[in-house]
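No lab work stands behind these numbers, since they all come straight from the coordinates. Just so we're clear, the structure is a prediction, and the values are computed from it rather than from any experiment. Virtual Cβ from ideal backbone geometry, glycine too; neighbours counted across all protein chains shown.
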Amino acid sequence: MEKENNFTENENKPETKTNYQTIGNISKKSDFHFGKQVVVPFISGVVGAGVVLGACFGIPSISQNLFKTTQNNTSSSTSNNSSASSSVNTNLVSLANYSETGVGVAQKVLPSVVGIKVEYSVSSIFYRNMTSTATAEGSGIIISEDGYILTNNHIINSSSSSSFYEVGKANKVVVTLYNDETEYEGSIVGTDEETDLAVIKIDKTGLTAAELGDSDSLQVGEFAMAIGNPLGMQSSVSSGMISAVNRKVTSDGKTYTLIQTDTAINSGNSGGALVNSNGQVIGINTLKMSGSGIEGMGFAIPINSAKPIYEQLIQYNKVKRPYLGISGRDLDKETADANNLVVGIYILSIDEFSAAEKAGLKIGDVIVKADGKDITTMDELNEIKNTHSIGDEMTLTVNRNGNEKEVKVTLQEQ
């Protein structure tokens with residue numbers, strides 16, 4: 001993934017001792033980096049009292065509790081007995097089939113969803129010799145009977161920093177299975193920050209692998225169930241429906257194409273399963289939107305998007321992607337005009353020996369087109385780049401000193 005310059009910084013000072021019973025603020029990275037909740041990443045939108053889009057990864061004692069219980073008080077007006085009884089509809093609709101569906105789906109999928117507890121090292125920026133540990137928890141999905149487990153990257157790879165502290169990558173991962181109090185130590189197979197996916201493995205066979213569904217065939221309004229460990233309450237289920245598909249959501253500077261659901265998703269659900277009425281996994285729960293006046297807005301990574309990622313993580317311990325080798329800044333019209341430039345992507349840096357350097361791109365060039373298509377952001381550039389394979393040639397149009405020129409770039413492996 002190409003790097004995009006970040007001009008903002010979240011500064012949160014973590015506590016160094018964690019209690020799983022106290023739930024932490026999960027502004028993404030999860031619970032969608034530790035800034036995701038040990039500085040959980042936020043999507044900030046100021047709507048009313050504020051909106052936070054955060055990963056559903058439980059980092060208990062490092063942030064504020066986002067989750068409040070609301071109570072709806074209902075009142076009813078009554079009239080005389082005869083008029084009330086005459087308005088009652090006695091043609092009741094049975095929910096037996098719905099209940100049977102929920103019970104059947106839960107019984108099928110629960111054995112395939114695990115709890116994950118992670119331990120991180122936290123060091124002080126001011127006192128380098130002072131270190132402590134922090135713990136957090138999330139969920140995972142068993143994808144093979146021999147112990148491979150799919151989860152979110154932000155659970156396993158939450159390294160982040162602020163002006164006060166630095167959080168390292170996970171140094172210990174513990175997995176608990178359904179109806180099994182044994183704690184299994186997990187090893188990290190591979191992580192992918194770009195898609196927020198990761199694979200871990202435990203040394204155990206005979207596990208119940210989840211059946212995977214087809215997320216491309218989802219329809220708005222169909223049944224959905226979320227299974228995971230919200231607030232540390234292992235093997236919890238909640239149900240609802242598919243609210244939207246192909247929803248573009250930006251979190252922590254990255255844009256994802258996700259499934260939206262009104263199924264309850266909370267801290268600790270991150271990495272857990274979103275399943276359909278056949279008990280097939282259709283998504284990996286990863287984000288929720290929370291704030292005053294907001295309910296029922298959760299998001300999951302489509303399983304069809306996740307399959308090629310976890311397959312590469314298992315095979316190569318990483319995801320092989322075509323690579324340009326640049327860091328850039330998006331230029332809007334105001335910024336471009338102020339600096340006598342054009343709208344596009346300003347190249348801030350070029351990696352040595354990269355495809356970009358070999359093709360002759362220069363710092364200060366403004367990329368305005370990719371493969372003949374007008375682009376203005378790094379996200380658009382990466383989207384077009386990722387349609388190519390390693391070794392493919394990509395055509396970039398750049399503005400250099402007021403003149404446009406085409407540059408042919410042969411993409412390398414990242």
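Extension gain for E334-Q219 works out to 37.3 nm (0.36 nm per residue, less the C-alpha to C-alpha distance). Under 19 Å from a label point set 7 Å out along the Cα-to-Cβ vector of E383, the amide N atoms of region 182-223 belong to 194-196, 216. Rounded to the nearest whole Hz, the Karplus-based 3J(HN,Hα) values (6.51 cos²θ - 1.76 cosθ + 1.60, θ = phi - 60°) of region 111-123 follow the sequence x, 9, 10, 10, x, 10, 10, 10, 10, 10, 9, 10, 10, with x at glycine and proline.
Computed over the Cα atoms of region 237-344, the ratio of the radius of gyration to the Kirkwood radius (Rg/Rh) comes to 1.10. Packing, as the average of other Cβ atoms within 10 Å across residues, places the peptides 323-329, 386-392 in the order 323-329, 386-392, highest first. Stokes-Einstein diffusion for region 322-413, with the hydrodynamic radius set to the Kirkwood value over Cα pairs and evaluated at 20 °C in a medium of 1.002 mPa s, equals 166 µm²/s.
Here the peptides 310-321, 142-153, 330-341 are ranked by packing, the mean other Cβ count within 10 Å, and the order with the highest first is 142-153, 310-321, 330-341. When you restrict to C-alpha pairs under 8 Å that are six or more residues apart and normalise by the size of region 322-413, the relative contact order lands at 31 percent.
A 30 angstrom limit on the alpha carbon distance is what I want to check against. Which of K248/K358; K117/K307; K172/K318 exceed it? Table pairs above 30 Å Cα-Cα are K248/K358.
Our estimate of slack between E406 and S349, defined as 0.36 nm per intervening residue step minus the Cα-Cα distance, is 18.6 nm.
Full extension of the segment from L341 to E181, taken as 0.36 nm per residue of separation minus the current Cα-Cα distance, would add 51.5 nm.
The modelled label-to-label distance between R247 and E311, using points 7 Å beyond Cα along the C-beta direction, is 2.8 nm. For the listed peptides 179-190, 224-235, a ranking on the average number of other beta carbons within 10 Å per residue, highest first, reads 224-235, 179-190.
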